[in-house]
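Heads up, the thing below is written out as structure tokens.
The values are calculated or read from the model by the stated rules, or taken from the named source; none is laboratory data. Keep in mind that what you see is a predicted model, and the values were worked out from it rather than measured. We place every Cβ from the backbone using ideal geometry, glycine too, and count neighbours over all the protein chains shown.
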Amino acid sequence: MKLLQDLSYAELSKAVAEKGFESYRADQLNALKISNRDYSSATNLPKKLISAFESEYVAKASEIVERICGRDGAEKYLFAMTDGNVVEGVFMPHDYGNTLCISTQVGCRMGCKFCASGLNGLKRNLSSGEMLSEVAAVNALHGGNSIKRAVTNIVLMGSGEPLDNFDNVVKFLKEINDGKGLNISLRNVSLSTSGLSQKIKDLANTGLGVVLSVSLHAATDEKRSAIMPVNRSNPIASVMEAADYYFKKSGRRVIFEYALGRHNSDAASAAELAALLKGKNAHVNLINLNFVKERGMRGLNRAEIERFMSELKKRGVSCTLRRSMGADIEGACGQLRIKYLREHDIAGASERRADTDKKDVSDA
């Protein structure tokens, strides 16, 4: 079965016409699509149209099957896809708007040594409609619609490498920005990548202009390759060149993410990072590493974080410490999914991987 939410408004209009229905029915189906509702809730649609579409298209690409609320207002979700796969999302309320962190793949093949998302490798890519469904489901859950949105900011920083699912992610970005859809400004969208250099350039060439965040986490190839296998095929020099290209094409300052642990937070690491970013219009987003039992890497205490920040600032590096939300609800990406798979004894909770996982990340 195909997904209704995979259809753009133009594609939906074409499908309506081909099935012999009035053009305004596309708007009604589109409203269904962006509110993440099923056909049974569409009281304004004739049974003949519903029958024609539900025989070919599933209305909802995902369902929230678990919701955990944190003390700080953050909420973590497990979204179940129509094939039974699950991915995570995190809702973070702020005084300037509400941010939703979404997943772009089921699992991940990047193999970063500190991340829970890739513990079982990559299962498959998410379609544009499945990503849209994540946003639409949470928007509706919090009482939002296409006019008064409950989700105002989106971060592509959940499970998966967005640029490893390039075509679907680009279609998703266009969909959420569409005036016929949720109409979310792409200036309010951040995309986090482990550093696929050519894909960064390809993203720049789309002209979409989302905020680009590059997961750096170390400033030398030796240190970065030890924790991020993707660095073997995308060394730091190529990543920095791509980031410069993105800035020139978009005019948007690139954010460099740096997860703090014992391995990269000494004075020498600060000096290396400052040297790498010298003269660049860039900002460092420091993130205290979440502890993942299977990975065994720990973050820093407050005094250690402040000491590292001081080392960066005295070297002229623009940096901030990212506000941590959802710590009490396993806010680190991938943790809840792994727990869910194990508790429900779902295939994929073991270390067995799909065929797509067997391709080495160095080929990314």
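Restricting the search to region 1-35, which residues are assigned to a loop (DSSP other than H, G, I, E, B), touching a residue at least 60 places away in the same chain (Cβ under 8 Å) and more than 12 Å from residue 181 (Cα to Cα)?
So in region 1-35, the residues assigned to a loop (DSSP other than H, G, I, E, B) come out as 1, 7-8, 19-24, 35.
Next, only the ones that are touching a residue at least 60 places away in the same chain (Cβ under 8 Å) stay: 1, 7-8, 35.
Matches in region 1-35: 1 only.
Among 148, 199, 113, which is the only one that is buried (at least 17 other Cβ atoms within 10 Å of the Cβ) and basic (Lys, Arg)? Can you show your working first?
Working: 148 fails: buried (at least 17 other Cβ atoms within 10 Å of the Cβ); 113 fails: buried (at least 17 other Cβ atoms within 10 Å of the Cβ).
Matching residue, one of 148, 199, 113: 199.
Screening residue 66 on (1) touching a residue at least 60 places away in the same chain (Cβ under 8 Å); (2) buried (at least 21 other Cβ atoms within 10 Å of the Cβ) shows it passes everything except condition (2). Filtering region 193-218 to residues that are touching a helix residue (DSSP H, G or I) at 6+ places or on another chain (Cβ under 7 Å), closer than 30 Å to residue 265 by Cβ and either outside any helix (DSSP H, G or I) or free of Cβ contacts under 8 Å to residues at least 40 places away in the same chain (or both) leaves 193, 194, 195, 196, 199, 210, 212, 214, 217, 218.
Just to be sure, is residue 80 outside the structural domain of residue 128 (by TED's automatic domain parsing), touching a strand residue (DSSP E or B) at 6+ places or on another chain (Cβ under 9 Å), surrounded by fewer than 19 Cβ atoms within 10 Å (Cβ to Cβ) and at pLDDT 95 or above? Walk me through how you get there before you give the answer.
Working: outside the structural domain of residue 128 (by TED's automatic domain parsing): yes; touching a strand residue (DSSP E or B) at 6+ places or on another chain (Cβ under 9 Å): yes; surrounded by fewer than 19 Cβ atoms within 10 Å (Cβ to Cβ): yes; at pLDDT 95 or above: yes.
It is true that residue 80 is outside the structural domain of residue 128 (by TED's automatic domain parsing), touching a strand residue (DSSP E or B) at 6+ places or on another chain (Cβ under 9 Å), surrounded by fewer than 19 Cβ atoms within 10 Å (Cβ to Cβ) and at pLDDT 95 or above.
The number of residues in region 151-190 being crowded, with 24+ Cβ neighbours inside 10 Å, modelled with pLDDT of 95 or more, assigned to a loop (DSSP other than H, G, I, E, B) and not charged (D, E, K, R) comes to 2.
Which of the residues belonging to region 45-57 are in a loop (DSSP other than H, G, I, E, B) and either in contact with a His (Cβ under 9 Å, 6 or more places away or on another chain) or under 13 Å from residue 26 (Cβ atoms) (or both)?
As a first pass, look at region 45-57 and keep what is in a loop (DSSP other than H, G, I, E, B): 45-46, 55-56.
Hit for region 45-57 is 45, nothing else.
Might you let me know whether region 225-234 holds any residue that is more than 14 Å from residue 309 (Cβ to Cβ) and without any contact (Cβ under 8 Å) to a residue 12 or more places away in the chain? Looking through region 225-234, at least one residue is more than 14 Å from residue 309 (Cβ to Cβ) and without any contact (Cβ under 8 Å) to a residue 12 or more places away in the chain.
Of 315, 307, all but one fail to be basic (Lys, Arg), part of a helix (DSSP H, G or I) and modelled with pLDDT of 90 or more; the exception is 307.
Do we have any residue at all in region 279-291 that's assigned by TED's automatic domain parsing to the domain that holds residue 164 and part of a helix (DSSP H, G or I)? Even if it seems obvious, please write down each step before you answer.
In the first step, residues of region 279-291 are kept if they are assigned by TED's automatic domain parsing to the domain that holds residue 164; the result is 279-291.
Among the residues that remain, those that are also part of a helix (DSSP H, G or I) are: none.
Taking every residue of region 279-291 in turn, none turns out to be assigned by TED's automatic domain parsing to the domain that holds residue 164 and part of a helix (DSSP H, G or I).
Applying the condition of being in contact with a strand residue (DSSP E or B) (Cβ under 9 Å, 6 or more places away or on another chain) and either of a type outside the set (S, T, N, Q) or part of a loop (DSSP other than H, G, I, E, B) (or both) to region 137-150 and asking which residue is nearest to residue 2 (Cα to Cα) yields 137. The set of residues in region 219-251 being under 21 Å from the mean Cα position of the chain (by Cα) and in a loop (DSSP other than H, G, I, E, B) consists of 228, 234. Listed by position, the strands (runs of 3 or more DSSP E) contained in region 83-133 that have at least 2 residues being hydrophobic (A, V, I, L, M, F, W, C) and not assigned by TED's automatic domain parsing to the domain that holds residue 34 are 86-94, 97-102.
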